[in-house]
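Peer 1: A single structure is presented below for examination.
The values are calculated or read from the model by the stated rules, or taken from the named source; none is laboratory data. All values reported here derive from a predicted model rather than from experimental measurement. In this analysis, Cβ positions are derived from the backbone assuming ideal geometry, glycine residues included, and neighbour counts consider all displayed protein chains. These accessible areas exclude ligands, DNA and RNA; they are computed on the full protein's heavy atoms, side chains included. Shrake-Rupley method; radii C 1.70, N 1.55, O 1.52, S 1.80 Å.
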Amino acid sequence: MVLDFFKLQRGFDLTKAEARDGPIPVYSSSGISYFHDTMRVAPPGIVTGRKGAVGPVYFVETPFWPHDTTLWVTDFKKSNPKFVWYFLQWMDLSRLGEASSVPTLNRNNVHRQKCVFPPLPEQKKIAEILSTWDKAIETTEKRLANAEAQKQSLMQQLLTGKRRLKGFSGPWLHKPLAEISTRIQRKTDGGDHPILTISSTIGFVRQDQKYRRYMAGKSVENYILLRQGEFAYNKGNSKTFEFGCVFDLNEFPTGLVPHVYVCFRLREGLSRRFFKALFAADYLRPQLGRLVNTGVRNNGLLNISPSQFLTTQVPVPAYAEQEAIGAVLEEATALEVKLKSDLELLRLEKSALMQQLLSGKRRVVI
């Protein structure tokens, strides 16, 4: 049983008001909550949520204070601390939480779990192997954060004209969407077109994949037929786009979209990838915010009419500059997507390796 290899204990009460200024982190069930001038536990230590947030496990390498809402390892019983940390992650403590209005983890439920630990040298080796994967994940996370920050900076500068690419210097015009685009209201032609919806985080997705079923029903007869390269404005508010979002149809050759979307295509002589980047940067947000006058309807849609939406203005540099900016931001997006994919793969591979090493299905050579 777990208790044969390490022991958990409830933390110590200390309110934020009682804490005194100091360098000692106070760990609650959700991580570091505040600091204090006195420690209760010397490192290395392991803390996990007892009440509130059950599941996260923290490895602490400095003196710390485990809060009453946590459990901490009071006795490693000659087990390797890093191995115990990985083992607790692999156990998935959230499944042992007791059902109540406030999730709670009883240490006895953990102590009673059956397990077998390898000899100490093998524990250390397994911890070293998994630490190598953690370093690779951390490095990729930092690269991704840098790529996202650089892309955000590029968008803020290039899409507003604050920074010009080499070779471009002419003035930028600003025009309403109604002037540079044509609204689309075409109905279905009876063909086999997927029924799509817009996700504020990834763009167009199949309606049956997002909701696990088609939501359209008979109203699909009124849906708009969109073709690849055309745009749609979803006026539903979200955490990502407070005043709605605009995406171009890219992953599908055609699709049927809700008639409440404002659909449009750019006129000749305009760069789709420039305007795609402009909308992704939420350029229209301030203007759309000014158009909202009565809040959100019961169906979650903002009270912005198609004609109002098409009055919003966008920058229109020369076509060559549009394409150049679009190419730079496309490249930045491609790097961001690759790093996200790399990170997801590393996490999946580490998870699979943990399953093999911590279950004893795969042994390591010492």
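Peer 1: Which net charge results when you count Lys and Arg as +1 and Asp and Glu as -1 among the other residues whose beta-carbon is under 13 Å from that of GLY52? All intermediate terms of the calculation are to be shown ahead of the outcome.
Peer 2: Numbers: positive: ARG50, LYS51; negative: ASP68, GLU98.
Neighbour charge sum, excluding GLY52 itself: 0.
Peer 1: Now for a different question. Determine the order of ARG50, ARG20 by accessible area, beginning with the largest, at a probe radius of 1.4 Å.
Peer 2: Working: ARG50 30, ARG20 125 Å².
Result of the area sort, largest leading: ARG20, ARG50.
Peer 1: Kindly write out, for the range 241-256 in residue order, the coupling ³J(HN,Hα) from the Karplus curve 6.51 cos²θ - 1.76 cosθ + 1.60 (θ = phi - 60°), rounded to whole Hz, with x marking Gly and Pro.
Peer 2: Karplus-based 3J(HN,Hα) across the range 241-256 equals 10, 4, 10, x, 9, 10, 10, 9, 7, 10, 7, 10, x, 8, x, 9 Hz.
Peer 1: Something else about it: Given a cut-off of under 8 Å on Cα pairs at least six residues apart, what relative contact order in percent is computed for the chain? Walk me through the intermediate numbers first.
Peer 2: Details: 601 pairs, mean separation 56.3, N = 366.
Over the chain, the number comes to 15 percent.
Peer 1: Which value in Å does the Kirkwood hydrodynamic radius of the range 265-366 take, with 1/r averaged over all unlike C-alpha pairs and then inverted? Mind showing how you got there, number by number?
Peer 2: On the way: mean 1/r = 0.0551 Å⁻¹.
About 18.2 Å, per the Kirkwood formula over Cα pairs.
Peer 1: Take the alpha carbon atoms of the range 221-244, find their center, do the same for the range 99-114, and report the distance between the two centers in whole angstrom.
Peer 2: 45 Å
Peer 1: Å³ per residue of the Cα convex hull, for the range 124-272? Don't skip to the end; give the middle numbers.
Peer 2: Numbers: hull volume 28.6 nm³, N = 149.
Each residue corresponds to 192 Å³ of Cα convex hull volume.
Peer 1: Still on this structure, I have one more. How large is the accessible surface of TRP90 in square angstrom, using a 1.4 angstrom probe and rounding to the nearest 10?
Peer 2: 80 Å²
Peer 1: Non-local amide H neighbours of SER199 (under 5 Å, H modeled in plane, Pro and chain starts lacking H): which ones?
Peer 2: Distant-sequence amide H within range of SER199: PHE204, VAL205.
Peer 1: Compute the angle between helix 120-158 and the longest alpha-carbon principal axis of the chain, please, reported from 0 to 90 degrees and rounded to the nearest 10.
Peer 2: 20 degrees
Peer 1: Counting just the Cα atoms, what span does the range 70-148 cover along each of its three principal axes? Round to the nearest Å and put the largest first.
Peer 2: Principal extents (Cα only, largest first): 43, 39, 19 Å.
Peer 1: Per the 1.4 Å probe, what fraction of the accessible area of the chain, in percent, lies on carbon and sulfur atoms?
Peer 2: Details: 9930 of 19570 Å².
Carbon-and-sulfur percentage of accessible area, whole number: 51.
Peer 1: Another question about this same structure. Could you tell me which residue out of ASN237, ILE180, PHE204 lies farthest along the dipole of the range 105-251 toward its positive end? Charges go on the beta carbon: Lys and Arg +1, Asp and Glu -1, centred on the Cα centre.
Peer 2: Selected residue: ASN237.
Peer 1: I'd like the orientation of helix 81-91 relative to the chain: the angle between its Cα long axis and the longest Cα principal axis, in ° from 0 to 90, rounded to 10.
Peer 2: 60 degrees
Peer 1: Return the calculated 222 nm mean residue ellipticity for the chain, to the nearest 500 deg cm²/dmol, obtained by summing -39500 (n - 2.57) across DSSP H runs with n ≥ 4 and dividing by the residue count.
Peer 2: Details: 9 runs with 125 residues, N = 366.
My calculation for the chain gives -11000 deg cm²/dmol from helical runs alone.
Peer 1: Principal axis lengths of the chain from Cα atoms, whole Å, largest first?
Peer 2: That gives 73, 53, 50 Å along the principal axes, largest extent first.
Peer 1: Work from the charge dipole of the range 1-79 (Cβ charges, +1 for Lys and Arg, -1 for Asp and Glu, about the Cα centre) and give the residue of MET39, VAL2, PRO66 farthest towards its positive end.
Peer 2: So the residue furthest toward the plus end is VAL2.
Peer 1: Here's a follow-up. Past 25 Å, Cα to Cα, is the threshold; run LYS135/LYS239; LYS114/LYS361; LYS77/LYS124; LYS51/LYS135 against it and keep the listed order.
Peer 2: Details: LYS135/LYS239 31 Å; LYS114/LYS361 16 Å; LYS77/LYS124 14 Å; LYS51/LYS135 30 Å.
Over 25 Å Cα-Cα: LYS135/LYS239; LYS51/LYS135.
Peer 1: At 1.4 Å probe size, with every protein chain present, just tell me what the per residue accessible area of the range 20-152 comes to in Å². Can you show the working numbers first?
Peer 2: On the way: 6730 Å² over 133 residues.
On a per-residue basis, the range 20-152 sits at 51 Å².
Peer 1: Turning to a different aspect of this structure: Quick check for me: using +1 on Lys/Arg Cβ and -1 on Asp/Glu Cβ, what's the dipole size of the chain about its Cα centre, in debye to the nearest 20? Provide the component values of the computation, followed by the final result.
Peer 2: Working: 51 positive and 35 negative charges, 83 e Å.
For the chain, the charge dipole is close to 400 debye.
Peer 1: Please work out how much accessible surface MET354 shows to a 1.4 Å probe, ignoring ligands, DNA and RNA, in Å² rounded to 10.
Peer 2: For MET354, the solvent-accessible surface is approximately 20 Å².
Peer 1: Straight-line reach only, C-alpha to C-alpha below 13 angstrom: list the aspartates and glutamates that LYS7 could link to, leaving out same-chain residues fewer than 8 apart.
Peer 2: List returned: ASP75.
Peer 1: Using the alpha-carbon atoms, what tilt in degrees (0 to 90, nearest 10) does helix 319-359 show relative to the longest principal axis of the chain?
Peer 2: Roughly 30 degrees between the two axes.
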